[in-house]
Amino acid sequence: MTMNDQEILHSHIAEHQPNICGIVAMKNGRTLYSDYWHGFAPADTLHVMSVTKSVVSLLVGLAIDHGLISGVEQPVLDFFPEYNLKRGEKTLRQVTLRHLLTMTAPYKYRSEPWTKVCTSDDWTIAALDLLGGKSGITGEFRYSTLGIHILTGIITKTSGMKTVDFANQYLFAPLGIAPYCGYTALTAAEHKAFILSKEPKTNIWFSDPQGVGTAGYGLCMSARDMAKLGQLCLDGGACDGKSLVSAEWIAESTQPRLSCGEGFANMGYGYLWWTPEMDKRAYAALGNSGNAIYINPENGTVVAVIGSFKPNILDRVQFIQKYVEPLIASCEYMNDSVPV
């Protein structure tokens, strides 16, 4: 890759993808491309939206590895024996972690009740209240951001640690990612400002009043640290030759379980991971504003992108495949890499 190639891509992004603030691309374990826009530096973070979901998938795998959760077939109510189940509610008894992880859990709402959940004192209980219903478990893909808060609630309850502390100890620290702290908004205006802000942030994870990190959104990450998570997955859960997350979980969680239909570009879905093309091995963590961790085992590529708030950016994977992957493809045998 020549400096001219980098300058061409830099200018193209500035003109055609103006909300991108940072990209880090790796091939075969080496960082070959790193670039930033809008005054962002390598350590600066942005709210990466639903990329959070895939990070939570890794944490669920860690909880299983550490014996805190028996497996994905464990019923959700096993973790909440004190929950006051409403009379006649049978469906909720059948909901397992697999249903939450694959977005096939049944919910009683037509659209996610943000105000109701986000003004409650305990979002895990509020999310449990959303589960179930008379239709039973249909296996239908129903994408949810609030409902899966139950997953971080389970991690917090079984580990006896705040979600962010569990992540720091078992995931971030071993990867050399600086510690995270929780952030709780005191007002609806603060919550909205957190979502919409385009300014660089620090290592924070939006949390509910109980200190449970939001499972569907809320992590603020740098492209550099997202790339570390992508490389961990590409390496089968190993870091520096040591198993961090079991290879079995990485394989299981990134395998497409169902096709999500035209409303989701016919992508596949695993355990909170997207498979952009059902017949190929590449998979991705995708968030609103075009935030992404893209992993392609076929060519050893990891690409991380952070972007400031701009809704309905739906072509980030195509952008990575069209512009970033070809740019670094010729670098496989180069000895140089860039600092990040």
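Looking only at segment 195-211, count how many residues are modelled with pLDDT of 95 or more and outside any loop (DSSP other than H, G, I, E, B). The number of residues fulfilling the criteria is 4.
Out of ALA178, ALA173, ALA105, ALA185, one residue alone is assigned to a helix (DSSP H, G or I), over 16 Å from the mean Cα position of the chain (by Cα) and of a type outside the set (Ser, Thr, Tyr). It is ALA173. Within segment 32-49, residues that are closer than 10 Å to CYS21 by Cβ and charged (D, E, K, R) sit with their Cβ atoms under 8 Å from residues that are modelled with pLDDT under 95 and in a loop (DSSP other than H, G, I, E, B), at 6+ positions apart or across chains, in these pairs: ASP44/PRO200.
Consider segment 108-134 and keep the residues that are under 24 Å from the mean Cα position of the chain (by Cα) and under 23 Å from SER70 (Cα atoms). The one that is surrounded by the most Cβ atoms within 10 Å (Cβ to Cβ) is ALA127. May I ask you to list the residues in segment 195-223 that are surrounded by fewer than 24 Cβ atoms within 10 Å (Cβ to Cβ) and farther than 19 Å from ILE148 by Cβ? Across segment 195-223, the qualifying residues are LEU196, SER197, LYS198, GLU199, PRO200, LYS201, THR202, ASN203, ILE204.
The residue that is surrounded by the most Cβ atoms within 10 Å (Cβ to Cβ), among those in segment 13-43 that are farther than 25 Å from TYR283 by Cα and not aliphatic (A, V, I, L, M), is PHE40. Residue count for segment 18-45 under the criterion of being touching a Cys at 6+ places or on another chain (Cβ under 6 Å) and hydrophobic (A, V, I, L, M, F, W, C): the result is 3. When you scan segment 12-26, do you find a residue that is free of Cβ contacts under 8 Å to residues at least 24 places away in the same chain, within 23 Å of ASN299 (Cβ to Cβ) and either in a loop (DSSP other than H, G, I, E, B) or in contact with a strand residue (DSSP E or B) (Cβ under 8 Å, 6 or more places away or on another chain) (or both), even just one? No, every residue in segment 12-26 fails to be free of Cβ contacts under 8 Å to residues at least 24 places away in the same chain, within 23 Å of ASN299 (Cβ to Cβ) and either in a loop (DSSP other than H, G, I, E, B) or in contact with a strand residue (DSSP E or B) (Cβ under 8 Å, 6 or more places away or on another chain) (or both). Do we have any residue at all in segment 81-99 that's among the aromatic types (Phe, Trp, Tyr), farther than 23 Å from CYS21 by Cβ and free of Cβ contacts under 8 Å to residues at least 60 places away in the same chain? Yes, segment 81-99 has at least one match. Taken as a whole, the condition of being within 26 Å of SER289 (Cβ to Cβ), over 20 Å from the mean Cα position of the chain (by Cα) and either touching a residue at least 60 places away in the same chain (Cβ under 8 Å) or in a helix (DSSP H, G or I) (or both) does not apply to ALA167. Mind listing whichever residues of segment 298-327 are among the hydrophobic types (A, V, I, L, M, F, W, C) and within 21 Å of GLY29 (Cα to Cα)? Listed by number, the residues that qualify are VAL302, VAL303, ALA304, VAL305, ILE306, VAL317, ILE320, VAL324, LEU327.
The values are calculated or read from the model by the stated rules, or taken from the named source; none is laboratory data. Here the structure is a predicted model, which is why all the values come from computation and not from measurement. All Cβ positions, glycine included, derive from the backbone under ideal geometry; neighbour counts span all protein chains shown.
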